[in-house]
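Report on the structure given below.
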Amino acid sequence: MSVNGGLADSGSFSEKLMLLLDRVEYRRVEGGEDMEDIARLRFKAYKAVNLLELTGSTLIDALDFDSHAYVFGIYLDERLVSTVRVHHVTPDHRASTSGLIFGEEIDAFLDAGMVLIDPGRLAVDPEVLGDDLKALPYLTLRPVAMACEYFAADRCLTACRPRHTAFYKRLFGSKTVVERRENLGVYNADGSLLVAKVRGQRPSILDRYPIFDSETFERRLMFGGRNEVPFAPLTILPTARFAQLAQGRSFSRDPMGE
């Protein structure tokens, strides 16, 4: 996934992201038709870049239904445009996407007692074009930043193609653990493993990317257990604008959208 790095650090880009976020809804998906839609989007996106040897027309695996996995659909103007699966990885629950490839390296963090967030199965609709495409990586990774806060994570993992490492280093301040690993089995690509320290990083990330901010109740809807959220909400509206307003920072609204 490539991103225009020059735009990402500008105030104007942050404004554009916030305006675009007003058109976004998130869905926590646990099955049914929404999961089928996400499986089709994954297949479509991975097929377009030949990332996997695929058969059929969908992409679902057992980790989608792991008790520490959270699958999200990102909807722009009510259209599914991207998806990400977020794993809450602990010393007692080690299942994750990146762990299938970089298990030894990740186990070292878990053996030290750390809590990790591991995003996987990230996919963007290849038919999305223009400025919306440039913004989608940020909108799609927003639940990852929220998970880091909700679960009080120590580290955030990223397994990606080597050419994408610069984006994650700029976004999360990630550091390289595995620079390049070849012959990844089912993947038709080399892979890198990055790790970002979470604690203490949030203020600087929110200063550059305020769309990653959120209210407590939104994070609870995203990740809360059934004792907190007895039903999966149909849609979750982003609260970044309100969270920033509470800190005295406001962003303009699109007058045509009000």
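Odds and ends about this structure:
- Taking the fewest neighbouring Cβ atoms within 10 Å as the starting point, the ordered list for Ser96, Ser192 is Ser192, Ser96.
- Normalising the average separation of contacting C-alpha pairs (under 8 angstrom, six or more residues apart) by the number of residues puts the relative contact order of the chain at 21 percent.
- Of the DSSP H helices in the chain, those with a Cα length along their own long axis of 27 Å or more and a mean Kyte-Doolittle hydropathy reaching -0.5 comprise 130-150.
- Under a 5 Å amide H cut-off, with hydrogens placed 1.01 Å from N, Thr239 pairs with Glu215 among residues at least 5 apart or on other chains.
- Zone of Leu245's modelled label, taken as backbone nitrogen in the range 14-42 under 20 Å from a point 7 Å along Cα→Cβ: 14-26
- Ordered from longest to shortest, the equivalent ellipsoid semi-axes for the range 49-193 are 23, 18, 16 Å, each the square root of 5 times a Cα gyration tensor eigenvalue.
- Peptides 138-146, 165-173, 28-36 ranked from most to least packed, by the mean per-residue count of other Cβ atoms within 10 Å: 138-146, 165-173, 28-36.
- Rule-of-thumb Rg ratio for the chain [Cα; 2.2 N^0.38 Å; N residues]: 0.96
- For the pair Asp190 and Glu33, the difference between a 0.36 nm per residue extended length and the Cα-Cα distance amounts to 53.3 nm.
- Ile236, Ile101 arranged by Cβ crowding within 10 Å, fewest neighbours leading: Ile101, Ile236
- The amide H of Ser174, built 1.01 Å from its N in the peptide plane, has Lys169 as neighbours under 5 Å, considering only residues 5 or more places off or on other chains.
- Efficiency of FRET between Val229 and Lys197 - r from beta-carbon atoms, R0 30 angstrom, step 0.05: 0.55
- Cα centroid of the range 42-112 to Cα centroid of the range 123-186, whole Å: 12 Å
- In this label model, Lys169 and Glu127 are separated by 3.6 nm, measuring between points 7 Å along each Cα→Cβ vector.
- If the chain linking Val49 and Phe217 were pulled fully straight, counting 0.36 nm for each residue of separation and taking away their Cα-Cα distance, it would gain 56.8 nm.
- Computed magnitude of the charge dipole of the chain (debye, nearest 20; Cβ of K, R +1, Cβ of D, E -1): 620 debye
Every number in this text was worked out from the coordinates using simple rules, so none of it is lab data. Fair warning: this is a prediction, and the values are worked out from it, not measured in the lab. So basically every Cβ, Gly included, is an ideal-geometry build from the backbone, and we count neighbours across all protein chains shown.
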